[in-house]
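Trainee: Quick one: the structure is below, questions incoming.
The values are calculated or read from the model by the stated rules, or taken from the named source; none is laboratory data. Quick caveat: nothing in here was measured; it's all calculated off a predicted structure. Every residue, glycine among them, receives a Cβ derived from its backbone with ideal geometry; neighbour counts consider all protein chains shown.
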Amino acid sequence: MLLQVDNLSVSFATRNGVQAAVKNVSYSVDKGQILGIVGESGSGKSVSCYSLLGLIPQPPGRIDSGTALFNGEDLLKLSPARQRDIRGNRIAMIFQDPMTSLNPFLSIGEQLLEPLVYHHDCSRAEARSRALQLLDEVGIVDGERKFSSFPHEFSGGMRQRVMIAMALITEPELLIADEPTTALDVTIQAQILRLIADLQSRHNIGVIFISHDLAVVNQLADHVLVMNKGEIVEAGPGERVLHKPQQAYTQTLIASTPRGAKIASGRERERDSETLVSVRSLSTSFVDYSSHAAKRVRAVNDVSFDLYRGEILGLVGESGSGKSTLGRSILRLVNVDEGTIEYDGVDLLALQGNDLMPYRQRMQMIFQDPFASLNPRMTIYDALAEPLLYHGLANRQSVQSAVLQLMDDVGLEGRFIRKYPHEFSGGQRQRIAIARALATGPEFIVTDEPVSALDVTVQKQILELLLALVAKHNLSMLFISHDLSVVRYLCDRVLVMRQASIIEAGDVENVWRDPASDYTRQLLASAPVL
Amino acid sequence: MEANKHDMSEQEQGSSLWADAWLRLKHNRLALGSLIFLLALVVLCILTPWLAPYGYEQQNLELGATPPSMAHWLGTDVFGRDLLTRLLYGGRVSLMVGFIATAVALLIGVLWGTVAGYLGGRVDMLMMRLVDILYAIPFIIFIILLMVVFGRSMLLLFMAIGAVEWLTMARIVRGQVQGIRQQEYIEAAIAMGLPLSRILWRHVVPNTLGPVIVYATLTIPQVMLLEAFLSFLGLGIQPPQSSWGLLISYGAESMEEYPWLLVFPGLALASTLFALNFLGDGLRDALDPRVAKD
């Protein structure tokens, strides 16, 4: 056995006393094997690996018990010097965000060489040829030239390839990958997953793949470990755990992962409904200051589409495709270059100042990050009372009950009314953001990746809440997402965006069954399935 | 309905942030103690003309410099003037300069920085270049010019110091606001249809408060010392009037013979600065809901 972890327990000292992060966890990985660890945030999936390498800060962290035999040597009893010797050398790691885990001030080549020079004491020329060979192996062409490039010159996918090359350069025996594809687009994710599987079999190393995404783990892992609240819920061969789960928690997780066609909500789109938003030849551009000569970059280029009253229209695309900008353009949150946006027969772009205000009330937005979309210095009451009072939807006497009504609508208990955003979990915060969007009594809502930052079980709850609210308040919605399965689960029609243009539009099931463009086909094929 | 619209009373606007901040501040003993100390000091200085046992210019040349005694609690200076009296009168000047000049700096700096940072682009460029230009003018020359043109007055002194101190404040606030402007809650506020003034006042400014308060508590002592420096050059307060800064600088000249002339004004300034710092830290924490109530 390459790595054998037994009865590992880790706790953290917090303000509310000592809390166990990992409880009696045992697992093992062998050479040539991929172990997938799945769980929601806070399940202890990362801590159970990081603690082996001395990567959790102590204090507040503390390893209470356990052994971790790596080639017969207990990792938990190593001296710091010996630990450094193993970490980044015989056990390598890849992290989620390749931007923050690469040093922006050092060239890619410099960072690639560092572990080799540090751990293996080999000459720079030797290290360089090894590094170039690896860059080639992870699919970076023209390695010679890329060698002296800096991280910001690479795309997200390329950076992750560099990270992988960096991890593999010392020829480790074990690779720990913590959500390595979570920040990447689905087509890039597919490439990186293939790359990891390929390198793993070629170098015959052990891999621990930590992820919240069951579908990704399903694609890659031989063995799967399901964790919840610091404990292992279920473990076994991937096929068995993910397709014939024994435990209730695993079943819930799997059931929460959006799969297949739209759920039976009894919501049939009214075919005859009128057009609510009509976008024609819309273009929006930004000034890009990142290059030396500032130039305008088209984020949305000549886009036209209609959104019907009462429908949920999906807008799918990869990062940088312009989908968020399109949503913001419709809400007049960014300046539009040209084109028209008709909202309920009125040309929105012609409205200025106070004339726009009634429309602001009718259109609202829900954002991706519930930690950034709420003012940290306003209580729920303040956040929800503000639009109500400002738009005259409640007066001083009725505002409290109106706020409570809104909270009830989104499934928040009234006793939270005086609390601040940071006192809530991500899912609860997203509920507050939804309530705030509903407060003005809108008929049209743009949601920008509203569930991307949430755990899968919470994601499912929020999606169901959105569906219920759409039905209850007779809303129309533009649902922006990179996640194809979520779009299929929620939306009636879908627009596919690529490089600032809409390249495909149609009923969701039609598009899934028979995509018209190659790009859509590629997108659908790249999405991992459970 | 229409009449009711946009009618938000002060009470509703008085967000729970400030009420909660007060509650939290009350639980911070150090900050609360400091607040009480400062308030007592202010009251004492305001009431000085009625409380002081002697006049600030009242000399007793026969007495000369004496150490603290029953008649003169903090001793007397070389002219036989009562140090306690002069300290209290000096406190009036120092505290007034400190608070008023800082308030001026706060007001202009926060306003300027917020507008520049939020609007960005050309407006920001123009506003900040003006700040750069003002920064480049030598402070002393600026003050001397003001004095020459407008004559010497307390009010002018306050304004001159405030007019210089706001520059740094504006830069700090602008930096903060540039980050805040990118936050999604600002976009949400725009989408809600709130007017600019309200977005700035309710969503932007409260989130800049942390660094602003810290910088303000640092500015107050800085301003007090600046006043002493100007007075020393003959540009500020003139004898027989006094301020803490002046008392300290005169005390320092004769510290070997008459140490109490340095010790007591120094203590007064130091304890005020301590209290201000504790209060500033307490305020910053109290105004940030994310800091646990412990």
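Trainee: Got a sec? Which of B:Ile199, B:Ile237, B:Ile186 is under 23 Å from B:Ser94 (Cα atoms) and of a type in the set (Val, Ile, Thr)?
Mentor: Going through B:Ile199, B:Ile237, B:Ile186 in turn, the sole match is B:Ile237.
Trainee: Another question about this same structure. Of the conditions (1) modelled with pLDDT of 90 or more; (2) within 12 Å of chain A (Cβ to nearest Cβ); (3) in contact with a helix residue (DSSP H, G or I) (Cβ under 6 Å, 6 or more places away or on another chain), B:Met192 clears all except one; give me its number.
Mentor: The single condition B:Met192 does not satisfy is (1).
Trainee: Regarding the stretch B:116-139, can at least one residue be identified that is among the charged types (D, E, K, R) and under 30 Å from B:Phe37 (Cβ atoms)?
Mentor: No; the residues of the stretch B:116-139 include none that is among the charged types (D, E, K, R) and under 30 Å from B:Phe37 (Cβ atoms).
Trainee: State whether one or more residues within the stretch B:89-96 are in contact (Cβ under 8 Å) with a residue 40 or more places away in the chain, touching a Cys at 6+ places or on another chain (Cβ under 7 Å) and of a type outside the set (A, V, I, L, M, F, W, C).
Mentor: So far as the stretch B:89-96 goes, yes, one or more of its residues are in contact (Cβ under 8 Å) with a residue 40 or more places away in the chain, touching a Cys at 6+ places or on another chain (Cβ under 7 Å) and of a type outside the set (A, V, I, L, M, F, W, C).
Trainee: Still on this structure: Among A:Asp142, A:Asp185, A:Asp121, A:Asp97, which is within 28 Å of A:Tyr519 (Cβ to Cβ) and either in contact with a Phe, Trp or Tyr (Cβ under 6 Å, 6 or more places away or on another chain) or without any contact (Cβ under 8 Å) to a residue 12 or more places away in the chain (or both)?
Mentor: Just one listed residue meets the conditions, A:Asp142.
Trainee: Next up: Among the residues of the stretch B:50-73, is any modelled with pLDDT of 80 or more and either within 30 Å of B:His203 (Cβ to Cβ) or part of a helix (DSSP H, G or I) (or both)?
Mentor: Looking for residues that are modelled with pLDDT of 80 or more and either within 30 Å of B:His203 (Cβ to Cβ) or part of a helix (DSSP H, G or I) (or both), one finds at least one in the stretch B:50-73, hence yes.
Trainee: All but one of (1) on the phi < 0 side of the Ramachandran plot; (2) outside the structural domain of A:Pro151 (by TED's automatic domain parsing); (3) small (Gly, Ala, Ser) hold for A:Gly54; state the number of the condition that does not hold.
Mentor: Here A:Gly54 meets the rest and fails (1).
The rows are residues; the columns are (1) touching a His at 6+ places or on another chain (Cβ under 7 Å); (2) over 23 Å from A:Lys45 (Cβ atoms); (3) among the hydrophobic types (A, V, I, L, M, F, W, C); (4) part of a helix (DSSP H, G or I).
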| site | (1), (2), (3), (4) |
| --- | --- |
| A:Gln133 | no, yes, no, yes |
| A:Met163 | no, no, yes, yes |
| A:Ala167 | no, no, yes, yes |
| A:Thr187 | no, yes, no, yes |
| A:Ile208 | no, no, yes, no |
| A:Val216 | no, no, yes, yes |
| A:Glu234 | no, no, no, no |
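Trainee: Which of the residues spanning the stretch B:33-49 are touching a residue at least 60 places away in the same chain (Cβ under 8 Å) and either part of a loop (DSSP other than H, G, I, E, B) or farther than 19 Å from B:Ile237 by Cβ (or both)?
Mentor: Within the stretch B:33-49, B:Gly33, B:Ser34, B:Leu35, B:Phe37, B:Leu38 qualify.
Trainee: Among A:Gly44, A:Gly66, which is buried (at least 18 other Cβ atoms within 10 Å of the Cβ), part of a strand (DSSP E or B) and touching a strand residue (DSSP E or B) at 6+ places or on another chain (Cβ under 9 Å)?
Mentor: A:Gly66
Trainee: Can you spot a residue in the stretch B:257-280 that is within 24 Å of the chain's Cα centre (by Cα), under 30 Å from B:Thr208 (Cα atoms) and within 14 Å of another protein chain (Cβ to nearest Cβ)?
Mentor: no
Rundown of residues vs (1) assigned by TED's automatic domain parsing to the domain that holds A:Ile312; (2) within 28 Å of A:Glu311 (Cα to Cα); (3) within 19 Å of the chain's Cα centre (by Cα), yes/no style:
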residue	(1), (2), (3)
A:Gln400	yes, no, no
A:Gly414	yes, no, no
A:Ala435	yes, yes, no
A:Thr440	yes, yes, no
A:Phe444	yes, yes, no
A:Glu449	yes, yes, yes
A:Val458	yes, yes, yes
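Trainee: For residues in the stretch B:133-192 being surrounded by fewer than 18 Cβ atoms within 10 Å (Cβ to Cβ) and outside any helix (DSSP H, G or I), which is nearest to the chain's Cα centre (by Cα)?
Mentor: B:Ser153
Trainee: Step by step: first the residues of the stretch B:78-92, then only those that are touching an Asp or Glu at 6+ places or on another chain (Cβ under 8 Å) and not in a helix (DSSP H, G or I), then the one that is surrounded by the most Cβ atoms within 10 Å (Cβ to Cβ). Which residue is that?
Mentor: B:Arg81
Trainee: Look at A:Val217 and say whether it is crowded, with 22+ Cβ neighbours inside 10 Å and over 19 Å from the mean Cα position of the chain (by Cα).
Mentor: No, not satisfied.
Trainee: Another question about this same structure. Tally up the residues in the stretch A:22-41 that are touching a residue at least 40 places away in the same chain (Cβ under 8 Å), surrounded by fewer than 23 Cβ atoms within 10 Å (Cβ to Cβ) and at negative phi, please.
Mentor: Final tally of qualifying residues: 8.
Trainee: Kindly provide the set of residues from the stretch A:168-186 that are within 19 Å of A:Glu114 (Cβ to Cβ), of a type in the set (A, V, I, L, M) and either touching a Ser or Thr at 6+ places or on another chain (Cβ under 7 Å) or surrounded by fewer than 24 Cβ atoms within 10 Å (Cβ to Cβ) (or both), ordered by number.
Mentor: Passing the criteria: only A:Leu168.
Trainee: Hey, any hits in the stretch A:512-529 for a residue that's at pLDDT below 90, more than 23 Å from the chain's Cα centre (by Cα) and either in the same structural domain as A:Asp185 (by TED's automatic domain parsing) or part of a helix (DSSP H, G or I) (or both)?
Mentor: For the stretch A:512-529, residues at pLDDT below 90, more than 23 Å from the chain's Cα centre (by Cα) and either in the same structural domain as A:Asp185 (by TED's automatic domain parsing) or part of a helix (DSSP H, G or I) (or both): present.
Trainee: To continue, here is another question. Quick check on my filter: what residues within the stretch B:226-237 are surrounded by fewer than 18 Cβ atoms within 10 Å (Cβ to Cβ) and either touching a residue at least 24 places away in the same chain (Cβ under 8 Å) or in a helix (DSSP H, G or I) (or both)?
Mentor: Once the filter is applied, which keeps residues that are surrounded by fewer than 18 Cβ atoms within 10 Å (Cβ to Cβ) and either touching a residue at least 24 places away in the same chain (Cβ under 8 Å) or in a helix (DSSP H, G or I) (or both), the stretch B:226-237 yields B:Phe229, B:Phe232, B:Leu233.
Trainee: Just to be sure before I move on: is A:Ile341 assigned by TED's automatic domain parsing to the domain that holds A:Asp483, buried (at least 21 other Cβ atoms within 10 Å of the Cβ) and modelled with pLDDT of 90 or more in the structure I sent?
Mentor: Here the answer is no, as A:Ile341 does not meet what is asked.
Trainee: Further, regarding this structure: Is it the case that A:Ile108 is on the phi < 0 side of the Ramachandran plot, crowded, with 18+ Cβ neighbours inside 10 Å, of a type outside the set (Lys, Arg) and without any contact (Cβ under 8 Å) to a residue 40 or more places away in the chain?
Mentor: Judged against the criteria, A:Ile108 is not a match.
Trainee: Could you check the stretch B:195-225 and list, in sequence order, the residues that are facing chain A (nearest Cβ under 9 Å) and in contact (Cβ under 8 Å) with a residue 60 or more places away in the chain?
Mentor: Answer for the stretch B:195-225, where residues must be facing chain A (nearest Cβ under 9 Å) and in contact (Cβ under 8 Å) with a residue 60 or more places away in the chain: B:Arg202, B:Pro206, B:Leu209.
Trainee: Further question on the same structure: Can you confirm whether the stretch A:24-34 contains a residue that is within 23 Å of the chain's Cα centre (by Cα), over 17 Å from A:Gly230 (Cα atoms) and assigned by TED's automatic domain parsing to the domain that holds A:Ser201?
Mentor: Scanning the stretch A:24-34, I find at least one residue that is within 23 Å of the chain's Cα centre (by Cα), over 17 Å from A:Gly230 (Cα atoms) and assigned by TED's automatic domain parsing to the domain that holds A:Ser201, so the answer is yes.
Trainee: Follow-up question, since we're still on this one. Criterion first (modelled with pLDDT under 90 and β-branched (Val, Ile, Thr)) does B:Thr76 satisfy it?
Mentor: Yes.
Trainee: Here is a list: A:Glu126, A:Glu153. Which entry is modelled with pLDDT of 80 or more, surrounded by fewer than 15 Cβ atoms within 10 Å (Cβ to Cβ), charged (D, E, K, R) and outside the structural domain of A:Glu179 (by TED's automatic domain parsing)?
Mentor: Of A:Glu126, A:Glu153, the one residue that is modelled with pLDDT of 80 or more, surrounded by fewer than 15 Cβ atoms within 10 Å (Cβ to Cβ), charged (D, E, K, R) and outside the structural domain of A:Glu179 (by TED's automatic domain parsing) is A:Glu126.
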